[in-house]
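Notes for the one structure printed next.
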């Protein structure tokens, strides 16, 4: 007997209460072609046959050699110490869920406390959550924090067009149905400082930039921070955690909230997920912090212990009014980042950042010598970290196809997909895993692929 929780009359009454005629109307925002798909599944297979089928499907994937991959745009190949997978594969961590019962969760809670501490040190902030699903949702939650801090008196969010395009789309989804508007600067992606500052007014709740930005370049963050603070808004910075091993943290130049994608900290690309959303802010905003917050305390016998603190923000207490909405995030990726940062240490993280910086500049200088190529033409004066823009003498899709099919190289990101004026431009990422031989081969094959 199937379990039917509601009678037909109860369903009709609920639909009438919310002003909907049919159950299907609840899904009106979902495109019709994918709303109620009919699954045309093949017949069941014996396990050996199924295994062969899955192996055949997996063989269709293009194998990735990190030394020969120059695709970044938010997801990167970085060195992963063996300690990361060893710790993550332990059963007590791998199967952990939300740590609502501290008496049985001390190991995970302590690990997350250490993660928060390292994130605060890395970003220059005073408090960190543990954690969010990815960098895009962390950034969107930072904007919600700024709007909440304005107590409904401000509804404008100024965002640099050089913030990751996917992040901007996620924010639009978050703000749909809310009395808040996102205003971007010039959509050519140059993130002109004067233009951004001119958009800030007394209705602005937050200014959002990415530093280094989507194109890998550094923004004049200090003057932007001063501009938004003069207007009474919050300064939100989307950061690259690897870059913070070498450059000043956002907290040092006025950030109120720092969001970041933590995939670079020991998490493999893995076909696009899972990822890690880093979220850190000033102590003044701690009660508006979304995500879990682990605190250190003592028990009745004076022994050190760890708990989810400020629990009145949590869903199991405040229900719909909760600010913590990461209930199902077991923070396995946050644990991986904690193991990575602990293993690498301050010197190791700095060394990786230096290698990214030096190798990317070597690659840019070599590509710039090629006939028909130009480096960072949209903003040539701005310094860059580990990514740079290349203007190509041929369509990026054609060049990438030749690189992959003829030379086994994964090229850069086609910027024309998000910025129409950057047609025939490619975003190339170089990390510590790209060898000099691999970079030299890229340069040689780029010249051939463009002819």
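Worth pointing out:
- Residues in segment 92-141 that are free of Cβ contacts under 8 Å to residues at least 24 places away in the same chain and more than 13 Å from residue 335 (Cβ to Cβ): 101, 103, 104, 117, 121.
- Filter pass, residue 143 being in contact with a helix residue (DSSP H, G or I) (Cβ under 8 Å, 6 or more places away or on another chain) and outside any helix (DSSP H, G or I): no
- Scanning segment 368-403 for residues that are loosely packed, with under 14 Cβ neighbours inside 10 Å and within 24 Å of residue 210 (Cα to Cα) turns up 377, 380, 381, 383.
- Taking the criterion of being at pLDDT 85 or above and either surrounded by 10 or more Cβ atoms within 10 Å (Cβ to Cβ) or farther than 30 Å from residue 177 by Cα (or both), the only residue of segment 29-40 that qualifies is 30.
- Subset of segment 386-436 (residues that are part of a loop (DSSP other than H, G, I, E, B), within 20 Å of the chain's Cα centre (by Cα) and at pLDDT below 95): 418, 419
- Residue in segment 159-183 that is nearest to residue 239 (Cα to Cα), counting only those that are buried (at least 23 other Cβ atoms within 10 Å of the Cβ) and in contact (Cβ under 8 Å) with a residue 60 or more places away in the chain: 163
- Residue 16 vs. criteria outside the structural domain of residue 416 (by TED's automatic domain parsing), loosely packed, with under 11 Cβ neighbours inside 10 Å and either within 28 Å of the chain's Cα centre (by Cα) or within 30 Å of residue 167 (Cα to Cα) (or both): no
- Reported count of residues in segment 231-262, each being within 12 Å of residue 210 (Cβ to Cβ) and in a strand (DSSP E or B), is 8.
- Scan of segment 288-324 for residues that are surrounded by 12 or more Cβ atoms within 10 Å (Cβ to Cβ) and in a loop (DSSP other than H, G, I, E, B), ordered by number: 289, 290, 291, 292, 293, 309, 310, 314, 322, 323, 324
- Test: residue 340 is outside any loop (DSSP other than H, G, I, E, B), over 23 Å from the mean Cα position of the chain (by Cα) and buried (at least 21 other Cβ atoms within 10 Å of the Cβ): no
- Taken over segment 74-103, the residue count meeting the criterion of being surrounded by 16 or more Cβ atoms within 10 Å (Cβ to Cβ), out of contact with any strand residue (DSSP E or B) (no Cβ under 8 Å at 6 or more places or on another chain) and part of a helix (DSSP H, G or I) is 4.
The values are calculated or read from the model by the stated rules, or taken from the named source; none is laboratory data. What you see is a predicted model, and the numbers here were worked out from it, not measured in a lab. Cβ coordinates were reconstructed from backbone atoms using ideal geometry, including for glycine residues, and neighbour counts include every protein chain displayed.
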